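Here the structure comes first, spelled out in structure tokens, and everything after it is commentary.
The values are calculated or read from the model by the stated rules, or taken from the named source; none is laboratory data. The structure presented is a predicted model; accordingly, all values stated were derived computationally and were not measured. So basically every Cβ, Gly included, is an ideal-geometry build from the backbone, and we count neighbours across all protein chains shown. Just the protein is used for accessible areas: all its heavy atoms, side chains included, with ligands, DNA and RNA removed. Shrake-Rupley method; radii C 1.70, N 1.55, O 1.52, S 1.80 Å.
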Amino acid sequence: MEIEPLPPPLSLEREVYRRLRDLIVSGNLVPGSLYSMNELATQLHVSRTPVAQAVARLVDHGMVRVEHRRGLRVLETSPHDLAEIYELRLLLEPRATHRATGLMRPADHRRLKDALVALSRAAKGAGNARDYLRRDADFHSVILQASGNRRLADFVQSLRDLQLIRNASTVDRTRPLADVVGDHERIYESIVKGAAAAAAREMHSHILLTGELLIKQETAETGESADVLSSPWPTPDGADLVE
């Protein structure tokens with residue numbers, strides 16, 4: 001495998017991290033496989049130090065494991081990992097959606113609309129689950145960024161990266177793609193109307209249903225026991241989401 005070298009000038013640690021992350025998410029660095037950090041540094045035309053720094057961040061995000069004197073191994077995402085990912089998203093994203101609804105301006109609404117249109121097109125394109133998952137992540141990212149909490153947005157993105165490694169999606173497998181896009185349309189409509197509690201409930205419902213179906217789908221394929229998501233519904237007036 002050949003990796004295109006990085007163009008200068010760069011903040012090397014950040015750019016090496018982005019490149020390795022993208023290679024993992026795209027599947028070019030294969031889950032379960034072992035890679036030499038020296039070889040990665042050579043192909044990226046950088047020293048070993050920024051590679052080691054970037055790998056340390058990838059370890060923190062649960063994407064790789066460093067094996068002494070051998071290199072880094074890209075970790076495979078299990079159905080249990082998916083359950084943990086969705087549990088965390090259920091705790092974080094409805095609240096962020098509630099907050100973002102009150103902070104969004106017309107420019108943010110336009111960005112969210114553009115993300116929704118791109119998601120719909122990717123869903124209709126059929127067959128490329130990875131592209132659909134990226135577009136889905138883009139839609140959610142607009143909302144998370146608008147919530148004003150950059151660390152939250154970055155953390156949820158790292159969770160989505162783990163799902164991308166598995167390339168797991170319910171679209172046209174355990175749920176019709178029109179239904180999934182419909183979830184996002186309802187979230188968008190509630191946000192544009194300024195209905196924060198409704199937007200939070202729609203986001204909660206979407207993540208909960210998708211997570212439950214996805215975990216059942218993936219465990220059926222592996223024969224593992226299915227984890228059950230446990231997350232209370234937001235209160236009808238969204239009071240539990242107000243800071």
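If you place +1 on the Cβ of every Lys and Arg and -1 on the Cβ of every Asp and Glu, how big does the dipole about the Cα centre of the range 10-102 come out, in debye to the nearest 20?
That gives the range 10-102 a dipole magnitude of about 240 debye.
Only residues of the range 11-29 count here: report those whose backbone N is under 14 Å from the spot 7 Å along Cα→Cβ of GLU4, or say none.
Inside the label zone: 19-20, 22-23.
At a Förster radius of 51 Å, what calculated FRET efficiency corresponds to the Cβ-Cβ distance of ALA195 and ARG48, to the nearest 0.05? Mind showing how you got there, number by number?
Details: r = 52 Å, r/R0 = 1.02.
After rounding to 0.05, the efficiency reads 0.45.
What distance in nm separates the two pseudo spin-label positions at ASN28 and LEU213, each 7 Å out from Cα along the beta-carbon direction?
3.2 nm
Express the carbon and sulfur contribution to the solvent-accessible surface of the range 1-104 as a percent, rounded to the nearest whole number, probe 1.4 angstrom.
The nonpolar share, carbon plus sulfur, comes to 50 percent.
Which whole-number value in Å² is the accessible area per residue of the range 1-122, probe 1.4 Å?
53 Å²
How much length, in nm to one decimal, is gained on full extension between ALA220 and HIS68, taken as 0.36 nm per residue of separation minus their Cα-Cα distance? Please list the in-between numbers first.
Numbers: separation 152, 0.36 × 152 = 54.72 nm, distance 3.48 nm.
Full-extension gain reported as 51.2 nm.
Grab the other residues whose beta carbon is less than 13 angstrom from that of VAL30, score K and R as +1, D and E as -1, and report the net.
Once positives and negatives cancel, what remains is +1.
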